[in-house]
Amino acid sequence: VVIAQRHLPGKAGKVFDISIDGLVGHVNEFFDKVHKGLYDQALAFREENTHEGIEDYDTFKQMAEDKGGFLKVHWAGSNEDEEQVKQDLKFTVRCFPQDAQDGPKGKCFYTGKETNRVAIFARAY
C-alpha cells in the first residue's frame, strides 16, 4: 500500500510499501504528521499576515490598502462605527481574541477611547 500527502510535490509526502498488517499504525502516524504540518502552515500564514501597532484610522486605512491581511487593533467602537469601516474599506471585525482581552489598555484606532478590548479586522470577500 502507498499513502501520500497530495499537497506535497513529488515523493516528499509519500510512504511506499506499507504492509497491510502495519497499515493502521502508519495511517495514524501519517494523519498526525499531516495535521501538524497543515496547522503549522496555517499558523505561520496567520502570523505573517497579522499587523499590529495601528493607533489611528489613517494608519488603519493605509495598512488595509497596502498590506491587507489581519489588522489587530484596540477597539472601542460601536456597531455603527464598524459599519462605517466596512463601508470605507470592506474590513469588519473577524474576532475578539480571548487571550488579548486582559492585556494592557490602548487607544482605539477609530474612536480614540482607552480600552483593553482587542479586535481582529479583515476584509470581507
Of the candidates D40, D66, the one satisfying the condition of being assigned by TED's automatic domain parsing to the domain that holds G103 and exposed (fewer than 11 other Cβ atoms within 10 Å of the Cβ) is D66
Exactly one of F31, F60 is of a type in the set (F, W, Y) and closer than 30 Å to L89 by Cβ, and that residue is F60
For region 100-120, pairs from a residue that is free of Cβ contacts under 8 Å to residues at least 40 places away in the same chain and crowded, with 16+ Cβ neighbours inside 10 Å to a residue that is of a type outside the set (A, V, I, L, M) and not in a loop (DSSP other than H, G, I, E, B), with Cβ under 7 Å and 6 or more apart or across chains, are C108/H74; C108/T115
Over region 5-54, the set of residues assigned to a helix (DSSP H, G or I), under 30 Å from G106 (Cβ atoms) and aliphatic (A, V, I, L, M) is A42, L43, A44
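Which of the residues belonging to region 65-83 are in contact (Cβ under 8 Å) with a residue 24 or more places away in the chain, of a type outside the set (D, E) and closer than 23 Å to Y125 by Cβ?
Within region 65-83, G68, G69, F70, L71, K72, V73, W75, G77 meet the criteria.
The values are calculated or read from the model by the stated rules, or taken from the named source; none is laboratory data. Since this is a predicted model, take the numbers as computed values, not measurements. Please note: Cβ atoms are built from the backbone with ideal geometry, for glycine as well, and neighbour counts cover all protein chains shown.
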